[in-house]
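Undergrad: Can you keep this structure in mind? I'll have questions shortly.
The values are calculated or read from the model by the stated rules, or taken from the named source; none is laboratory data. The model shown is predicted, which means the values in this text are computed figures rather than measured ones. Neighbour counts are summed over all protein chains in view; Cβ atoms, including those assigned to glycine, are modelled from backbone coordinates with ideal geometry. For accessibility, only protein heavy atoms count, side chains too; no ligands or nucleic acids. Shrake-Rupley method; radii C 1.70, N 1.55, O 1.52, S 1.80 Å.
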Amino acid sequence: MRLALCQTNCGEHVAANEEQVFGLLEEAAAAGADLAALPEVWPRQGSAPQMREAAEPLDGPRVRRLAEVARRHGMWLHGGSVLELDDDKVFNTSVLFDREGELVATYRKIHLFDADPPGAVPSRESFLFAPGEETVTAETEFGRVGLSICYDVRFPELYRNLAVQGATIVFVPAAFRYETGVDHWEILLRARAIEDQAFVVAAAQWGTWGPPGRERRNFGHSLVADPWGRVIALAPDGVGLTLAELDLGETARVREVLPALRHRRLNPSC
């Protein structure tokens, strides 16, 4: 299966962000991707009021445009995460489309990043987003996939739950802060792949954004880790496309050679 990771540098300007993202999706389709993956909150990174202003319902024009791209190119599309407006609440929501452009799964980010990275502008996602409450998996032609977003990667119990539900591929779209990403990003993603013996697909935002004097920096390094924990694709710095070939039989081989999931004895129901 050919996968395209789309690494972006999306900031405060919605139209520029959309031009960047949909251009990368066209590149992914031209490269023969079976599935393209986008990063977290690509419609807009900015202040809480700016991001709220950019939020749309899931039946709004932005999600419909993603569906149209998937349908036109006959390509599965993991839309990273969008800014979902539901009544007066905003959710950080992951969306997945099949080759016909049908929205087959949505996931609202459960764990919100309220933290003070060393030497950087603090993050307070709860000022804008309401937390999700449900784990989500979906059946695809590639096997069952699990959905998560960025900060979720620090909570291994979420990924174990996805694996127990049958996920063999897990998406982790991200806008991971540079200050923590330098030391934690790859290690966390590889750990989730090793623990749950699944492919981990992590498309990420890269580079700086925000007003002068209060810039924030995303780590980038979009990657795919295989069920043995090996990094099989890694994006360089910059905006662009990174292709990976996934051997979908690898999950079964790893789980047979090292049947750790079958050997679990604690909390057998989760």
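Undergrad: Assuming a ≥ b ≥ c are the square roots of the Cα gyration tensor eigenvalues, decide whether the stretch 1-121 counts as rounded (a/c under 1.5), prolate (otherwise, with a/b larger than b/c) or oblate.
TA: Details: a/c = 1.82, a/b = 1.50, b/c = 1.22.
Verdict is prolate for the stretch 1-121.
Undergrad: Sticking with this one: Out of all DSSP beta bridges in the chain, what portion is antiparallel? Express it as a percent rounded to 5.
TA: Restricted to the chain, the bridges split so that about 70 percent are antiparallel.
Undergrad: Quick one: accessible area per residue over the chain, 1.4 Å probe, rounded to a whole number of Å²? Walk me through the intermediate numbers first.
TA: Values: 11580 Å² over 270 residues.
Spelled out: the 1.4 Å probe surface of the chain, per residue, equals 43 Å².
Undergrad: Suppose R0 equals 25 Å; then what is the FRET efficiency for ILE187 and LEU258 from their Cβ-Cβ distance, rounded to the nearest 0.05?
TA: With a Förster radius of 25 Å, E is 0.80.
Undergrad: Got a number for the accessible area of VAL164? Probe 1.4 Å, square angstrom, nearest 10.
TA: 70
Undergrad: For the stretch 46-178, what class follows from the C-alpha gyration tensor (a ≥ b ≥ c being the square roots of its eigenvalues): rounded when a/c is under 1.5, otherwise prolate if a/b is larger than b/c, else oblate?
TA: Values: a/c = 2.02, a/b = 1.24, b/c = 1.63.
Taking the square roots of the gyration eigenvalues as a ≥ b ≥ c, the stretch 46-178 is oblate.
Undergrad: With both partners inside the stretch 133-270, how many of the DSSP beta bridges are antiparallel, as a percent to the nearest 5?
TA: Values: 16 of 23 bridges.
For the stretch 133-270, the DSSP antiparallel bridge percentage is about 70.
Undergrad: Compute the relative contact order of the chain as a whole-number percentage, counting only Cα pairs closer than 8 Å that sit 6 or more residues apart in sequence. Mind showing how you got there, number by number?
TA: On the way: 641 pairs, mean separation 53.5, N = 270.
Normalised by residue count, the contact order of the chain is 20 percent.
Undergrad: For a label point 7 Å from the Cα of ARG230 along Cα→C-beta, name the residues of the stretch 176-203 whose backbone N is under 20 Å from it.
TA: 186-202
Undergrad: Name the residue farthest towards the positive end of the dipole of the stretch 10-167 from the options VAL104, VAL121, LEU77, assuming +1 on Cβ of Lys and Arg, -1 on Cβ of Asp and Glu, about the Cα centre.
TA: With unit charges placed on the Cβ atoms, the residue in question is VAL121.
Undergrad: Also, quick follow-up: Spin-label point model (7 Å from Cα, Cβ direction): what's the GLU133 to GLU18 distance in nm?
TA: 3.2
Undergrad: Here is a follow-up. Counting only protein heavy atoms and using a 1.4 Å probe, what share of the accessible area of the stretch 112-270 belongs to carbon plus sulfur, as a whole percent?
TA: Working: 4020 of 7510 Å².
Carbon-and-sulfur percentage of accessible area, whole number: 53.
Undergrad: Shifting gears a bit: Ordering ASP196, ASP114, ASP34, ASP87 from largest to smallest accessible area (1.4 angstrom probe), what's the sequence? If you can, show how the numbers build up before the last one.
TA: Working: ASP196 5, ASP114 70, ASP34 45, ASP87 135 Å².
In descending accessible area the options line up as ASP87, ASP114, ASP34, ASP196.
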